[in-house]
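Report on one structure; see the data block that follows.
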Amino acid sequence: MNVVVATRDLQPRVAIDPAALEVRSIPVPGTYPKVYFTRLQDVQGLVPLVTIPMGQAITASDVAKPSQALGSQAEFLPIPSGYVAVTIPTSEEQGVADYIQPEDYIAVIATVSSAGKVASKTIFTNLHVIRVGTPVSAGSNASSSSSLTVVVTQCQAEVITWFLNYASLKYTLESYKDYLSGQQPPDPKCPTVGDAANGKGVTLAVIQAAYPSLF
């Protein structure tokens, strides 16, 4: 029987790359209860629920769709080395009428009211959106999601947290023609999570120095 076989060890929570698969003929008893795959396209992108060793035929009980691999078996989020994921709130008016989708890039505008002055400024651009809503809501028919999960450095996550607490945020959707391509390299200003942890944190003085036109 021709079935899909792993050409290298496949680890749980890591979506299956088609390069790690091949169709191979193996003896399978007709009464054997396992359900096998016969086409590569039926397996690529699925998430292993267990470690699948090299050379083993992949069965339906070994894998699941990312949206179905819940809990501890959920797929790893596509976060580049040196970055983290952070979830920010959104709504129809705040988030471009729900047109923002996974793999889009957005810019963030902050509005601050201070000492009788109200000012707005773009504080981030090219934030990569990797999820919209939660795993449950992402697969539902809901017309609106309440959150966006974006990739940032840990230092940027601190700044976003400050603005979420003390300002209001609005997002703009960047043109797909301007999207970044390739893997994001670590940010030299904040290459690891540890660099942020060892820093002095974000205070009002830090924000005022970084974004003086807001104050």
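The values are calculated or read from the model by the stated rules, or taken from the named source; none is laboratory data. As the structure is a computational prediction, the values presented were derived from the model and not from experiment. Neighbour counts are summed over all protein chains in view; Cβ atoms, including those assigned to glycine, are modelled from backbone coordinates with ideal geometry.
Look through the stretch 145-201, keep the residues that are surrounded by 13 or more Cβ atoms within 10 Å (Cβ to Cβ) and over 18 Å from residue 85 (Cα atoms), and return whichever of them is modelled with the lowest pLDDT. Looking at the filtered set, the residue picked out is 199.
Filter the stretch 78-108 for residues that are farther than 20 Å from residue 134 by Cβ and buried (at least 17 other Cβ atoms within 10 Å of the Cβ) and give the result. Scanning the stretch 78-108 gives 82, 83, 105, 108.
Table: residues versus (1) assigned by TED's automatic domain parsing to the domain that holds residue 170; (2) modelled with pLDDT of 90 or more; (3) on the phi < 0 side of the Ramachandran plot.
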residue: 7; (1), (2), (3): no, yes, yes
residue: 12; (1), (2), (3): no, no, yes
residue: 25; (1), (2), (3): no, yes, yes
residue: 28; (1), (2), (3): no, no, yes
residue: 58; (1), (2), (3): no, yes, yes
residue: 88; (1), (2), (3): yes, yes, yes
